[in-house]
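Remarks on the structure that follows.
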Amino acid sequence: MKKMICAALAVFALIACHNEPRFCVEGEVSGAEGKMLYFEASALEGIVALDSVKLGGSGSFSFEQRQPESPEYYRLRVEDKVINLSIDSTETVTVKAPFVDFATKYEVSGSANCSMIKELTLLQVGLQQAANALAADVRANKLTPTSYEDSLLKLVNNYKDEVKMKYIYAQPAMSAAYFALFQKLNGYMLFDPLNSKDDVRCFAAVATSLYNRYPHATRSKNLYNIVIKGMKNTRKPKEETLEIAADQIETTGLIDISLRDIQANVRKLSDLKGKVVLLDFTIYQSAVSASHNYLLRDLYDKYASRGLEIYQVSLDADEHFWKTTAANLPWVCVRDAEGIYSSVAVTYAVQAVPTIFLINRSNELSARSETIKDLEAAVKALL
């Protein structure tokens, strides 16, 4: 009798599970016979494998999963090629793609969000290609490092302006708006909710829409917490008269900086007297940081033995991220916990990052970003 009851319960559970609202992702991948196609969830904690199939000659596939309680993100993957998708109902999404250009030449139907995510993906691919082209011009000496940084910053800002107006502010309730917030360039997020007040506004627009519709969803709460932290980090402090102690100012007029490095040791700018110092204010979490540090690394490797030192001041809100990144850099890396409202940055009239100053061996300010046309030539002239 007990066995019969257990069997009946098992059958009932199976039927109930089968009757749960489900969504379907189906389609074809041409030219991929014998390849494994994976269906994965892009969860907050990372990528989670859900299903897979070995593709036959027709390349057809079909995956079914239980409908998520709130919008969620998934992806189709063949080898290292990925198609990102968003699901928020019992929809059927159809994807047709060639194996060779799987991530960019696919067609998607059945979901407005998935179509917009494709648009964003192609925009981001174009941005990365443009950034790579600029880097190639620097390596080929067709572009100076300073011009490269200016061009890259302009490229990023134009991209963000387009995405903000077309995908974030225009339709913040769409899953594609959330997807747009987390796009990257060179592995760094384009939108920085911890250090940029403008970017915090973008996150807030999407967080408000998402929270209003799905207040109990994990993504809603996570995005809301990011916004709260960003608002705290970028809140302008009470204005006070800036007083600089007399012992902070060298007789040459250089204002000293005294901040802690990743080992918590106090590092003073004035202690580098006798060297040519490149003073750099930056935010490691910005989209241009990796390229910027690449250029600095090239300079450092060439001229450190001749007396060049770099004193890099991070204005990052995320201390852990700063420490992790700075641990791989050979020069002096310090951080101002005041972030973008750093009083040190104010004394040097820093209005954007990265901003560079050159200091000669006598501890005298020699130049700053706006007046430097060729950074390497300017450094060599001081050595």
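Within the stretch 363-383, the set of residues being modelled with pLDDT of 90 or more and part of a loop (DSSP other than H, G, I, E, B) comprises just one member, LEU383.
Just checking, does the stretch 49-57 include any residue being over 30 Å from VAL288 (Cα atoms) and crowded, with 17+ Cβ neighbours inside 10 Å? Yes, the stretch 49-57 contains at least one residue that is over 30 Å from VAL288 (Cα atoms) and crowded, with 17+ Cβ neighbours inside 10 Å. If we scan the stretch 92-112, do we find a residue that is assigned to a helix (DSSP H, G or I) and surrounded by fewer than 17 Cβ atoms within 10 Å (Cβ to Cβ)? Checking the stretch 92-112: at least one residue is assigned to a helix (DSSP H, G or I) and surrounded by fewer than 17 Cβ atoms within 10 Å (Cβ to Cβ).
Restricted to the stretch 130-159, and to residues there that are β-branched (Val, Ile, Thr) and part of a helix (DSSP H, G or I), the residue that is nearest to SER289 (Cα to Cα) is VAL156. Identify, by number, the condition in (1) within 19 Å of the chain's Cα centre (by Cα); (2) in a loop (DSSP other than H, G, I, E, B); (3) among the aliphatic types (A, V, I, L, M); (4) surrounded by 19 or more Cβ atoms within 10 Å (Cβ to Cβ) that ALA352 doesn't meet. All conditions are met except number (4). With respect to ILE249, is the statement that it is modelled with pLDDT of 90 or more and aliphatic (A, V, I, L, M) true? Answer is no for this residue. Can you tell which of GLU91, GLU45 is more than 29 Å from the chain's Cα centre (by Cα) and of a type in the set (Asp, Glu)? The unique qualifying residue is GLU91. Scanning the stretch 138-161 for residues that are over 17 Å from the mean Cα position of the chain (by Cα) and over 20 Å from SER369 (Cα atoms) yields ARG139, ALA140. Of the candidates TYR294, TYR311, TYR303, the single residue that is of a type in the set (Ser, Thr, Tyr), within 28 Å of ASP199 (Cα to Cα) and more than 21 Å from the chain's Cα centre (by Cα) is TYR311.
Of all residue pairs spaced 6 or more apart or on separate chains, those with beta-carbon atoms under 9 Å, a first member in the stretch 73-97 that is on the phi > 0 side of the Ramachandran plot and a second member that is assigned to a strand (DSSP E or B) and not charged (D, E, K, R) are GLU79/MET36. Residue count for the stretch 148-164 satisfying the condition of being in contact (Cβ under 8 Å) with a residue 40 or more places away in the chain and either under 29 Å from LEU299 (Cβ atoms) or of a type in the set (Ser, Thr, Tyr) (or both): 5.
Could you grab me the full set of residues in the stretch 355-375 that are touching a residue at least 60 places away in the same chain (Cβ under 8 Å), buried (at least 18 other Cβ atoms within 10 Å of the Cβ) and not polar (S, T, N, Q)? ILE356, PHE357, LEU358, ILE359, ILE372, LEU375, listed by residue number.
For the stretch 62-91, enumerate the residues that are assigned to a strand (DSSP E or B), surrounded by fewer than 18 Cβ atoms within 10 Å (Cβ to Cβ) and among the acidic types (Asp, Glu). GLU64 - this is the single residue of the stretch 62-91 that is assigned to a strand (DSSP E or B), surrounded by fewer than 18 Cβ atoms within 10 Å (Cβ to Cβ) and among the acidic types (Asp, Glu). Taking residues in the stretch 266-283 that are more than 12 Å from LEU383 (Cα to Cα) and in contact (Cβ under 8 Å) with a residue 12 or more places away in the chain, and partners anywhere that are assigned to a strand (DSSP E or B) and aromatic (Phe, Trp, Tyr), the pairs with Cβ atoms closer than 7 Å and at least 6 places apart or on different chains are LEU269/TYR311; LEU272/TYR311; LEU279/TYR311; LEU279/PHE357. All of (1) crowded, with 21+ Cβ neighbours inside 10 Å; (2) closer than 17 Å to VAL353 by Cα hold for LEU308 with one exception: (2). Checking the stated criteria, ALA326 turns out to be within 29 Å of GLN129 (Cα to Cα) and aliphatic (A, V, I, L, M).
The values are calculated or read from the model by the stated rules, or taken from the named source; none is laboratory data. What you see is a predicted model, and the numbers here were worked out from it, not measured in a lab. A quick note on method: Cβ atoms are made from the backbone with ideal geometry, for glycine too, and the neighbour counts reach across all protein chains shown.
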